[in-house]
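Asks: Below you'll find the structure I mean.
Values in this text are rule-based calculations from the coordinates and carry no lab data. Since we're looking at a predicted model, the values are computed, not measured. Methodologically, a virtual Cβ is constructed for each residue, glycine included, from the backbone with ideal geometry; neighbour enumeration extends over all protein chains shown.
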Amino acid sequence: MSLPAGLLNRIEHLDPMPITAQKLLGMLNDDNISLNEIAKVVELDEALMANTLRVANSVYFQRGREIKDARSAVVRLGTTNLLNIVLGQFLHQISVPAPLYDLSEDELWFHSTVASLAAEEVSRLCPVKIPEISRVAALVHDVGKLIMVRYFKADFKGVLKLAEEKDVSFVEAERQLFGCDHPEVGGAMAREWGFPEEVRDAIERHHTTDLQDSHPVLDTVIVSNLVAKTMATGLGAEGLNFEVDPGVRDRLKLTFNRFCQICAAVETRMEHVRNAYGIR
């Protein structure tokens, strides 16, 4: 399915991903990068430095003494957490009200943040090897919605009506009504921003239900989105009107008990995020 030319133009002219995020993304899988090099990237971005210290000294990450310098913060948080801080900050800045999904800008951003927390818990609790980049993929999995709401000046009622009349998922109704859906648009955005192929693929296929060639990043994003929705974030008009590929559970060895443990861990961490950003 090809995207409308006007929509592609919007994607090409969207705010570029921050230089800091681009640098950290390049460092993520480079074993030769030192902590000092990563710390220098943090120090050059005043807003990132402030956010990094705030997160490093938060209740969840705090381990003894207060952190006051970039290098110590990098040691405590790790590169993936730093990248998520930068991207989360960026997504918060470019988020807009989303009447197409019946979501406010905070709701859309918060859902993505909770999905990223869920990805970390999936990695911790499921007995399979899951790449760290999965947490980044979960954070940006719904980024296509940011373009959809800018390009299609409609509210959710038309999509919802079509979904109910034809008994299809919200995503399928998007596809029938607009000729594209938010995962596909998100994949195009990920390509424009230079994300790794597995992240782009996870964004593009996180609502696909008959996966023949999945991978751990995609499976983790699918489950993380489900967890975030289960925790009542980002429901909006779509709600739980989507299906999950049945093979995900087996590939991640995700038992019902593990799923409940993931939800419980995420619920606790959600409160830290709410308090930090004043979200209710």
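Asks: What ranking of Leu8, Leu25, Leu44 emerges when the number of other C-beta atoms within 10 Å of each C-beta is taken as an exposure proxy, fewest first? Working shown, then result.
Replies: Values: Leu8 16, Leu25 21, Leu44 13.
By the 10 Å Cβ count, ascending: Leu44, Leu8, Leu25.
Asks: While we're here: How far is the Cα center of the range 221-276 from the Cα center of the range 72-110, in Å?
Replies: Their Cα centres are 17 Å away from one another.
Asks: Only counting other Cβ atoms within 10 Å, I'd like Glu238, Glu120, Glu197 sorted with the fewest neighbours first.
Replies: Numbers: Glu238 26, Glu120 23, Glu197 10.
Going from sparsest to densest Cβ surroundings: Glu197, Glu120, Glu238.
Asks: Which lysines, if any, have their Cα less than 17 Å from the Cα of Lys253, not counting same-chain residues under 8 positions apart?
Replies: Lys129
Asks: Can you compute the helix-only [θ] at 222 nm over the chain? Use -39500 (n - 2.57) per DSSP H run of at least 4 residues, normalise by all residues, nearest 500 deg cm²/dmol. The partial results should precede the final answer.
Replies: Working: 16 runs with 180 residues, N = 280.
Result for the chain: -19500 deg cm²/dmol, rounded to the nearest 500.
Asks: Using the per-residue mean of other Cβ atoms lying within 10 Å as a proxy for protection, in what order, highest first, do the peptides 181-188, 112-119, 73-80, 258-265 fall? Mind showing how you got there, number by number?
Replies: Details: 181-188: 24.0, 112-119: 28.2, 73-80: 19.2, 258-265: 16.8.
Per-residue mean Cβ counts within 10 Å order the peptides as 112-119, 181-188, 73-80, 258-265.
Asks: Only Lys, Arg, Asp and Glu count, each charged at its Cβ (+1, +1, -1, -1), so figure out the dipole size of the chain about its Cα centre, rounded to 20 debye. Working shown, then result.
Replies: On the way: 30 positive and 40 negative charges, 169 e Å.
Taking the Cα centre of the chain as origin, the dipole is about 820 debye.
Asks: Also, quick follow-up: Would you mind counting up the charge near Ser134? Only other residues with Cβ under 9 Å from its Cβ, with Lys and Arg at +1 and Asp and Glu at -1.
Replies: Details: positive: Arg135; negative: Glu120, Glu132, Glu198, Asp219.
Its environment carries a net charge of -3.
Asks: For the range 1-160, with only Lys/Arg (+1) and Asp/Glu (-1) charged at the beta-carbon, what is the dipole magnitude about the Cα centre, in debye rounded to 20? It would help to have the intermediate numbers written out before the result.
Replies: On the way: 16 positive and 19 negative charges, 41 e Å.
Roughly 200 debye for the range 1-160.
Asks: Give me P(r) over the chain, computed from all C-alpha to C-alpha distances, binned every 5 Å, as integer percentages.
Replies: That works out to 1, 6, 12, 17, 19, 18, 14, 8, 4, 1, 1, 0, in percent per bin.
Asks: Got a sec? How would Val244, Val128, Val55 order by Cβ neighbour count within 10 Å, fewest to most?
Replies: Details: Val244 16, Val128 13, Val55 22.
If I rank by nearby Cβ atoms, fewest first, I get Val128, Val244, Val55.
Asks: OK, next. As I understand it, the value is the acute angle between the Cα axis of helix 46-56 and the longest principal axis of the Cα atoms of the chain; what does it come to in degrees, rounded to 10?
Replies: Helix 46-56 and the main axis of the chain meet at about 80 degrees.
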